[in-house]
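Here's the structure, in structure tokens; my notes come after.
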Amino acid sequence: MPIIINKEECEGCGTCTTICPKSAIVLEEVDGSVVAEVVSELCDECCECIEFCLRSAIKQVLWSSWEHGLLIMNEGRKHE
Ligand code: SF4
Ligand code: SF4
């Protein structure tokens, strides 16, 4: 089940790029802001990055053929 990053929540801190054991997350510039992106070919879906994101911007999802939408399978908790 793919890992996605909500670019509206991501603040580009880079924590996830550091902890990913597969080096599957890169930082990129989108519309003048630095945000994280998952390189799906490298990601083994271990989900470690999900708990480390302070913004809860990383989620594991399943494409729902029923609704043609994204179904959230796994997401981090907000770190207050
Ligand atoms: S840890 Fe979260 S906020 Fe920081 S770069 Fe990764 S996805 Fe963005
Ligand atoms: S799920 Fe695992 S391999 Fe994939 S980006 Fe997150 S930490 Fe890296």
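The values are calculated or read from the model by the stated rules, or taken from the named source; none is laboratory data. Just so you know, these numbers come straight off a predicted model, no measurement behind them. Please note: Cβ atoms are built from the backbone with ideal geometry, for glycine as well, and neighbour counts cover all protein chains shown.
Brief remarks follow.
- Hits in the range 17-59 (condition: in a helix (DSSP H, G or I) and under 19 Å from Met73 (Cα atoms)): Glu48, Cys49, Ile50, Glu51, Phe52
- The single condition from (1) surrounded by 12 or more Cβ atoms within 10 Å (Cβ to Cβ); (2) modelled with pLDDT of 95 or more that Asn6 fails is (2).
- Those residues of the range 1-18 which are under 10 Å from Arg55 (Cα atoms) and hydrophobic (A, V, I, L, M, F, W, C), in sequence order: Cys10, Cys13
- Check on Glu80, of a type in the set (Asp, Glu), exposed (fewer than 13 other Cβ atoms within 10 Å of the Cβ), at pLDDT 95 or above and more than 10 Å from ligand 2 (Cβ to nearest atom): no
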